[in-house]
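Participant: Here it is: the structure, laid out below.
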Amino acid sequence: MTKDSLGKFKLSNANANSKLPVVGNVTEYGDIKVNGIITVSKAKYPETATHINDAINKGHPNILTIDRKGAAKRRREALSNIPAKKGFDRDEYPPAMFAEGGKNSSIRYISPSDNRGAGSCIGIQCRKFNDGDKIKIEIRE
């Protein structure tokens, strides 16, 4: 477990799979309690999956805190200096629905179908969680 320059915790690649025992509905990763795991399929959403992996490898966290109420503000912050590009969506990682998103997010132009499909996939999986819950994002083949 490492802490990035912004003080956010993330699992290093070396220990990303070192899941500790589940206690109730919480899984522990080092000293962080995670309420669940959200998966993104690399086969279904290759552009989003690649962006997530690249962003995590550059220091963005893979353990995120759900905060739906602040999503619109974080999306504006993340995209404010990134112009729209015809035929593409601006994908953000971490997504705006997470407290770690916003101003310092990684932004990448990707196809609308990939971005919106992955966003829907993540949103559906997050329905069972509350604001303040921590989730881990994993890419699956």
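Only the coordinates and a few stated rules stand behind these numbers; no lab work does. Note that the structure is a prediction, hence the values are computed from the model and not measured. We place every Cβ from the backbone using ideal geometry, glycine too, and count neighbours over all the protein chains shown.
Participant: Given the conditions (1) loosely packed, with under 12 Cβ neighbours inside 10 Å; (2) out of contact with any helix residue (DSSP H, G or I) (no Cβ under 9 Å at 6 or more places or on another chain); (3) closer than 18 Å to K42 by Cβ, report the number of the one that P83 does not fulfil.
Facilitator: (3)
Participant: Would you pick out the residues in region 108-141 that are farther than 24 Å from N57 by Cβ and of a type in the set (D, E)?
Facilitator: Of everything in region 108-141, those that are farther than 24 Å from N57 by Cβ and of a type in the set (D, E) turn out to be D131, D133.
Participant: Another question, if that's okay. Go through G119, G102 for me and flag whichever is at positive phi and surrounded by 15 or more Cβ atoms within 10 Å (Cβ to Cβ). Show your work before the answer.
Facilitator: Details: G119 fails: at positive phi.
Only one candidate passes the filter, namely G102.
Participant: So, of the residues in region 69-122 that are among the acidic types (D, E) and touching a Gly at 6+ places or on another chain (Cβ under 7 Å), which turns out to be farthest from I135 (Cα to Cα)? Reasoning before the result, please.
Facilitator: Step one: filter region 69-122 for residues among the acidic types (D, E), giving 77, 89, 91-92, 100, 114.
Remaining after also requiring touching a Gly at 6+ places or on another chain (Cβ under 7 Å): 77, 92.
Numbers: E77: 22, E92: 17 Å.
Only one residue fits best here, namely E77.
Participant: For S111, work out the one condition from (1) more than 14 Å from H51 (Cβ to Cβ); (2) surrounded by fewer than 20 Cβ atoms within 10 Å (Cβ to Cβ); (3) of a type outside the set (A, V, I, L, M, F, W, C) it doesn't fulfil.
Facilitator: Result: S111 passes all but (1).
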